[in-house]
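Engineer: Sharing a structure with you now.
The values are calculated or read from the model by the stated rules, or taken from the named source; none is laboratory data. Please read all numbers here as calculations on a predicted model, not as lab measurements. Positions of Cβ are backbone-derived with ideal geometry, glycine not excepted, and every protein chain shown enters the neighbour counts. Heads up: the accessible areas ignore ligands, DNA and RNA and are worked out on the full protein's heavy atoms, side chains in. Shrake-Rupley method; radii C 1.70, N 1.55, O 1.52, S 1.80 Å.
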Amino acid sequence: MIKPITAIVLSALFSTVSGLATAQDLASFHAGMGGCTACHGTNAVTAANVPDDEIDLNNKCMACHGDYKKLADKTKHFDPHASHLSDRSPINCTACHTAHAKPKLVCNDCHTFDLKMPFSDAPESAKWDATIDDEAVAAAEKSAPRETVDVLVIGAGSAGLNAAIAAKRAGAKVVLLEKHSFAGGNSMLAAGGYNAVGTPQQAKKGIKDTVDQYVKDTMKGGRGKNDPKLVQILAEGSADGVKWLEDMGADLSDVKRSGGAAVDRTHRPHGGMSVGPHIVDVLRAQATKEGVGARVNSRAVKLLLDKDYKIAGAIVHGKHSGYYKIAAKAVVLATGGYGQNKQMIAFYRPTFKDMTSSNNVTSTGDGITMALNIGASMTDIDWVQAHPTVGLDSRILISETVRGVGAVMVNINGERFVNELTTRDRASDAILHQPQKRAWLVFDSNLYKSAKMVQGYDHLGMLKKADTLAELAKICDMDAKTLEKTASDYNKFRKAGKDEAFGRPDMPLGIEKAPFYAVAVAPGIHHTMGGVAITPESEVLDIQSRPIPGLYAAGEVTGGVHGFNRLGGNAIADTVVFGRRSGEHAAAYALKAK
Ligand code: FAD
Ligand code: SIN
């Protein structure tokens with residue numbers, strides 16, 4: 001079980017403030033501090049006068065309470081404002097601290113913290129985007145556009161942020177929409193890293209790698225079902241994508257191996273930190289700096305075509321502003337996958353319908369639905385990847401990094417049963433054939449010290465720890481002798497440089513140095529490989545395989561890049577390479593069409 005984080009937290013911070021006990025919600029608590037205009041300014045306060053991005057409100061919160069850093073200094077023991085969030089690109093305070101209703105504990109979308117926030121007893125508000133009002137959509141469609149842009153990017157994960165920046169740099173007028181209360185999507189959860197070939201980082205470590213080898217590994221991992229043209233572009237553009245992020249201030253200095261790769265090519269920040277929160281942070285800040293920051297709380301609900309079947313824009317549902325039309329010459333779909341849409345999973349991959357998912361709640365397949373509704377073609381749409389190591393009974397991914405840097409995987413009896421560095425489909429399959437369909441990752445203190453993310457799992461209470469393997473086995477209800485033998489055989493294979501049992505190609509660490517650790521894992525839905533069919537220029541194809549003029553797509557909403565099984569580290573590469581590409585091509589199309 002994940003450790004609950006108890007009531008130190010914000011309630012303590014606020015409890016000394018007089019008035020809290022009687023105030024019903026955050027707004028009524030602030031009522032005596034200047035009335036509605038203190039937060040809303042001098043505008044008449046109606047829902048429509050609150051901008052969907054809530055930035056003005058957020059600035060007001062920060063003006064009184066300080067930024068995240070200042071708040072973190074006040075809450076000494078646990079900082080709810082750090083982790084996936086940061087000072088560089090702050091997320092709106094109002095994402096959690098809802099003024100007129102019960103606060104929304106966004107962390108609990110993935111974790112299970114027992115976190116008491118001020119005004120937790122306030123009445124819950126209806127979810128503004130739970131349904132789509134067809135009549136309001138039709139009315140918005142008939143009305144004049146509220147805005148006209150060159151390129152409308154839908155979805156602000158890595159693909160969308162990269163697309164928006166690239167389109168803006170190409171000279172286009174761009175709007176970037178994000179339905180959630182902050183940008184990031186699945187991208188901000190990415191852990192293991194970004195695959196790239198031919199980087200200075202690889203050269204520095206003396207790693208011999210080639211574009212051909214990258215392509216070969218990716219095609220092999222995808223069981224040969226990937227579109228080879230897209231894979232070639234991915235591999236060729238991967239190193240330049242690293243540089244593009246580094247030029248914005250990203251740190252991708254560490255290189256390690258992911259499953260299915262012949263060499264180390266997975267790039268991440270120093271010390272083995274997670275890649276996603278870092279690059280999303282960098283991209284969010286850069287997009288804001290370049291004037292294309294995400295307009296949050298703004299969900300695209302329908303793509304619009306003109307009479308010539310060219311893209312004409314989209315209908316958007318704003319949290320406060322309701323339904324409206326944006327006219328656009330080009331649209332980039334960057335809405336991510338559908339790993340959190342239970343109905344779509346049940347339809348496309350019924351055998352996974354009861355599986356947990358590592359995905360952000362944002363991965364609901366909106367882009368696929370909108371594209372299908374205008375006749376787009378799908379490719380490999382039913383290929384869903386189960387990641388072998390999602391924390392048992394949780395939604396927290398235990399990164400492939402943990403195996404990559406040395407952990408072994410054993411079943412509930414303490415026996416290894418698979419090459420830990422095989423591809424995910426095979427590793428997941430192997431676990432599902434073990435008793436209780438689950439496994440343990442076992443490692444030692446050398447590994448614990450070398451990978452920051454492992455210390456993060458410890459912080460979340462996910463690790464079992466003991467001074468001897470026999471004790472660890474006891475805590476985990478494994479057979480002690482079997483676990484000891486497994487570790488001793490593995491250590492021998494490692495010293496001899498050959499895994500006699502399962503042919504694991506790389507054994508960077510042994511299971512040698514106490515204390516020893518274990519974490520319980522089981523497969524969970526992780527990536528939806530299929531999606532809209534695209535050309536190498538990121539144009540979306542219709543069902544007759546012709547590009548839909550003006551419609552582009554990138555990232556997890558697309559199919560074809562990863563085939564039947566994605567390799568670890570290739571999705572972030574995909575979002576950067578094809579995100580940029582889609583933005584550049586969309587801008588070129590839009591500016592030509594002017
Ligand atoms: P997302 O990042 O999911 O962004 C899509 C955005 O679109 C979301 O913010 C969403 O809210 C928004 N959106 C959706 N619908 C709408 C709409 N209708 N209107 C407006 N906005 C909308 N891959 C790697 O290569 N390396 C890793 O280390 C790695 N680790 C991972 C760890 C985890 C836990 C998970 C879940 C995935 C991981 N992946 C990793 C996969 C990778 O993170 C994703 O495939 C990738 O980030 C998808 O990026 P994206 O931009 O296409 O979509
Ligand atoms: C992981 O770190 O295991 C996830 C990497 C990925 O999905 O590419």
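Engineer: Among DSSP bridges having both ends in the chain, what percentage is antiparallel? Round to the nearest 5.
Structural biologist: On the way: 44 of 61 bridges.
Roughly 70 percent of the DSSP beta bridges within the chain come out antiparallel.
Engineer: From the helices alone, meaning DSSP H stretches of at least four residues, give me the mean residue ellipticity at 222 nm for the chain, per-run term -39500 (n - 2.57), in deg cm²/dmol to the nearest 500.
Structural biologist: Working: 20 runs with 198 residues, N = 594.
After summing the helix terms and dividing by the residues of the chain, the value is -9500 deg cm²/dmol.
Engineer: Report the FRET efficiency, 1/(1 + (r/R0)^6), for SER125 and LYS289, where r is their Cβ-Cβ distance and R0 is 25 Å, rounded to 0.05.
Structural biologist: On the way: r = 33 Å, r/R0 = 1.30.
Efficiency computed from Cβ-Cβ geometry: 0.15.
Engineer: Tell me which of ASN360, VAL561, VAL418 sits at the most positive position along the dipole axis of the chain, charges placed on C-beta atoms (Lys, Arg +1; Asp, Glu -1).
Structural biologist: Value computed over the given set: VAL418.
Engineer: Accessible area per residue of the chain at 1.4 Å probe, in Å²?
Structural biologist: Details: 24320 Å² over 594 residues.
Per-residue accessible area for the chain comes out at 41 Å².
Engineer: Straight-line reach from LYS481: which lysines have Cα under 20 Å away, leaving out those fewer than 8 places along the same chain?
Structural biologist: LYS464, LYS465, LYS492, LYS513
Engineer: Also: Stretch HIS320-GLN455 to full length: gain in nm at 0.36 nm per residue minus the Cα-Cα span? Each step should come with its number before you reach the end.
Structural biologist: Numbers: separation 135, 0.36 × 135 = 48.60 nm, distance 4.03 nm.
Result: 44.6 nm gained on full extension.
Engineer: I've got another one for you. Determine which residues of segment 477-492 fall in the zone a paramagnetic label at ARG438 would reach in this model, i.e. backbone nitrogen under 11 Å from the point 7 Å along Cα→Cβ.
Structural biologist: The answer is 477, whose backbone nitrogens lie closer than 11 Å to the label point.
Engineer: Cα centroids of segment 510-566 and segment 248-272: how far apart, whole angstrom?
Structural biologist: Cα centroid to Cα centroid, the span is 18 Å.
Engineer: Now a separate question. What full-extension length gain, to one decimal in nm, is calculated for ALA262 and ALA138 as 0.36 nm per residue of separation minus the Cα-Cα distance?
Structural biologist: Numbers: separation 124, 0.36 × 124 = 44.64 nm, distance 5.26 nm.
Contour length minus Cα-Cα distance gives 39.4 nm.
Engineer: In addition: Once you charge only the Cβ atoms, +1 for Lys and Arg and -1 for Asp and Glu, what is the size of the charge dipole of segment 121-204 about its Cα centre, to the nearest 20 debye?
Structural biologist: The calculated dipole for segment 121-204 is roughly 700 debye.
Engineer: Strictly under 4.7 angstrom between C-beta atoms: which cysteines of the chain have no such partner?
Structural biologist: Isolated Cys, the chain: CYS36, CYS39, CYS64, CYS96, CYS107, CYS110, CYS476.
Engineer: Output the Cα-based Rg and Dmax of segment 434-558 in Å, rounding Rg to one decimal and Dmax to a whole number.
Structural biologist: In order Rg, Dmax, the Cα atoms of segment 434-558 give 21.9, 65 Å.
Engineer: Here is a further query. Could you tell me which of LEU372, SER298, GLN385 has its Cα farthest along the dipole of segment 284-394 towards the positive end, charges placed at Cβ (Lys, Arg +1; Asp, Glu -1), taken about the Cα centre?
Structural biologist: SER298
Engineer: For LYS302, list long-range residues whose amide hydrogen, built 1.01 Å from N in the peptide plane, is under 5 Å from its own amide hydrogen.
Structural biologist: Result for LYS302 returns ILE315.
Engineer: Output wanted: per-residue J couplings in Hz (rounded whole) for segment 326-336, from phi through Karplus 6.51 cos²θ - 1.76 cosθ + 1.60, θ = phi - 60°, x for Gly and Pro.
Structural biologist: Ordered by residue, 3J(HN,Hα) equals 10, 7, 9, 6, 9, 10, 10, 8, 9, 8, x Hz.
Engineer: For segment 176-231 and segment 391-430, what is the centre-to-centre distance using only Cα atoms, to the nearest Å?
Structural biologist: 20
Engineer: Compute, for segment 185-278, the length of the dipole vector about the Cα centre, with Cβ point charges of +1 (Lys, Arg) and -1 (Asp, Glu) only. Units Debye, rounded to 20.
Structural biologist: Values: 13 positive and 11 negative charges, 84 e Å.
Its charge dipole is roughly 400 debye.
Engineer: Pairs LYS60/LYS116; LYS104/LYS353; LYS70/LYS173; LYS216/LYS243; LYS353/LYS449: which are spaced more than 30 Å apart, C-alpha to C-alpha?
Structural biologist: Those over the limit are LYS70/LYS173; LYS353/LYS449.
Engineer: Tell me the net charge near LYS205. Cut-off is 13 Å between Cβ atoms, LYS205 excluded, with +1 for each Lys or Arg and -1 for each Asp or Glu. Please list the in-between numbers first.
Structural biologist: Numbers: positive: LYS204, LYS208, LYS256, ARG257, ARG265; negative: ASP209, ASP254, ASP264.
It works out to a net charge of +2.
Engineer: Nearest 20 debye, what's the magnitude of the dipole of the chain about its Cα centre given +1 on Lys and Arg Cβ and -1 on Asp and Glu Cβ? Kindly include the intermediate steps, with their values, before the conclusion.
Structural biologist: On the way: 69 positive and 64 negative charges, 146 e Å.
Computed charge dipole of the chain: roughly 700 debye.
Engineer: By the gyration tensor of its Cα atoms, with a ≥ b ≥ c the square roots of the eigenvalues, what is the shape of the chain: rounded for a/c under 1.5, prolate for a/b over b/c, or oblate? Write out the running numbers ahead of the final one.
Structural biologist: Working: a/c = 1.93, a/b = 1.24, b/c = 1.55.
Oblate, because a/c is 1.5 or more while a/b does not exceed b/c.
Engineer: Moving on. Loop only per DSSP, at most 12 neighbouring Cβ atoms within 10 Å: give me the GluC sites (Glu not before Pro) in segment 471-524, ordered by residue number.
Structural biologist: Details: sites: GLU471, GLU484, GLU500, GLU512; in loops: GLU500, GLU512.
The qualifying sites are GLU500.
Engineer: What ranking, highest mean first, results for peptides 193-200, 100-107 when packing means the other Cβ atoms within 10 Å averaged over each residue? Please report the intermediate quantities before stating the final value.
Structural biologist: Numbers: 193-200: 24.8, 100-107: 16.8.
Listed from highest to lowest mean packing, they are 193-200, 100-107.
Engineer: A follow-up question, please. Order the following by accessible area, largest value first: LYS179, LYS481, LYS353, LYS449. Probe radius 1.4 Å; ligands, DNA and RNA are ignored. Before the final figure, lay out each step's value.
Structural biologist: Values: LYS179 45, LYS481 155, LYS353 95, LYS449 135 Å².
Final ranking, largest accessible area leading: LYS481, LYS449, LYS353, LYS179.
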